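Worksheet: the structure to be examined is printed underneath.
The values are calculated or read from the model by the stated rules, or taken from the named source; none is laboratory data. Everything quoted here is computed from the prediction, not taken from an experiment. Cβ coordinates were reconstructed from backbone atoms using ideal geometry, including for glycine residues, and neighbour counts include every protein chain displayed. What goes into the accessible areas is simple: the full protein's heavy atoms, side chains included, and nothing from ligands, DNA or RNA. Shrake-Rupley method; radii C 1.70, N 1.55, O 1.52, S 1.80 Å.
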Amino acid sequence: MKDILIVYWSGTGNTEKMANLIGQGVMESGSKVLIKNVSEATIEDIEKFHTIALGCPSMGSEVLEECEMEPFIESIKDKVGGKKIALFGSFGWGDGQWMRDWVERMESYGANLIDEGLIINSEPDSKGEEECIELGKKLV
Ligand SMILES: Cc1cc2nc3c(=O)[nH]c(=O)nc-3n(C[C@H](O)[C@H](O)[C@H](O)COP(=O)(O)O)c2cc1C
């Protein structure tokens with residue numbers, strides 16, 4: 001059994017990089033991590049794990065990606081109460097509104113959020129890479 005689950009959606013790879021770096025931080029802390037693209041993730045995955053990181057970039061107009069991530073988040077709303085959840089994602093030109101909305105939404109489902117959501121502009125630079133690794137360690 002792995003210790004921590006990471007589920008993400010990524011169109012051009014930036015949020016995927018964040019997911020892998022968070023996973024690196026988890027492993028550097030001596031724990032096991034399962035990283036899944038949301039297209040492969042199931043509600044049962046969410047049920048099995050107590051600590052979960054969810055990643056999605058800002059899409060549309062400051063919303064989650066609408067074809068896969070949005071319906072997935074809707075489908076797990078009754079499953080995340082009491083769980084430790086970290087949110088992360090890359091953005092372009094906005095000010096992070098999608099992440100503030102997402103944090104509020106997960107809190108309304110009863111999740112215990114770790115921090116306020118890690119957001120990184122485009123591809124993580126070396127500081128961003130460090131922030132992702134640190135988040136992975138914090139999850140452990
Ligand atoms: C269709 C589309 C809509 C987007 N909408 C926003 C937005 O509302 N606000 C923002 O800050 N960035 C927006 N972006 C930029 C992405 O969030 C940014 O390119 C991000 O790095 C993509 O992450 P990814 O590589 O994981 O797909 C949008 C990008 C696309 C393709």
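Just one of the listed residues (Gly96, Gly55) is open to solvent by less than 50 Å² (accessible area, probe 1.4 Å), touching a strand residue (DSSP E or B) at 6+ places or on another chain (Cβ under 6 Å) and on the phi > 0 side of the Ramachandran plot, namely Gly96.
Residue-wise test of (1) within 13 Å of the ligand (Cβ to nearest atom); (2) part of a loop (DSSP other than H, G, I, E, B); (3) in contact with a strand residue (DSSP E or B) (Cβ under 9 Å, 6 or more places away or on another chain).
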{"site": "Ser39", "(1), (2), (3)": "no, no, no"}
{"site": "Ile46", "(1), (2), (3)": "no, no, yes"}
{"site": "Cys67", "(1), (2), (3)": "yes, yes, no"}
{"site": "Phe72", "(1), (2), (3)": "no, no, yes"}
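Under the condition of being outside any loop (DSSP other than H, G, I, E, B), open to solvent by 40 Å² or more (accessible area, probe 1.4 Å) and within 16 Å of the ligand (Cβ to nearest atom), the residues counted in the range 1-35 number 4. The residues in the range 82-93 that are open to solvent by 50 Å² or more (accessible area, probe 1.4 Å), assigned to a loop (DSSP other than H, G, I, E, B) and away from the ligand (no atom under 16 Å from the Cβ) can be counted, and the count is 0. Scan the range 116-128 for residues that are more than 11 Å from the ligand (Cβ to nearest atom), open to solvent by 80 Å² or more (accessible area, probe 1.4 Å) and either among the hydrophobic types (A, V, I, L, M, F, W, C) or modelled with pLDDT of 95 or more (or both) and the total you get is 3.
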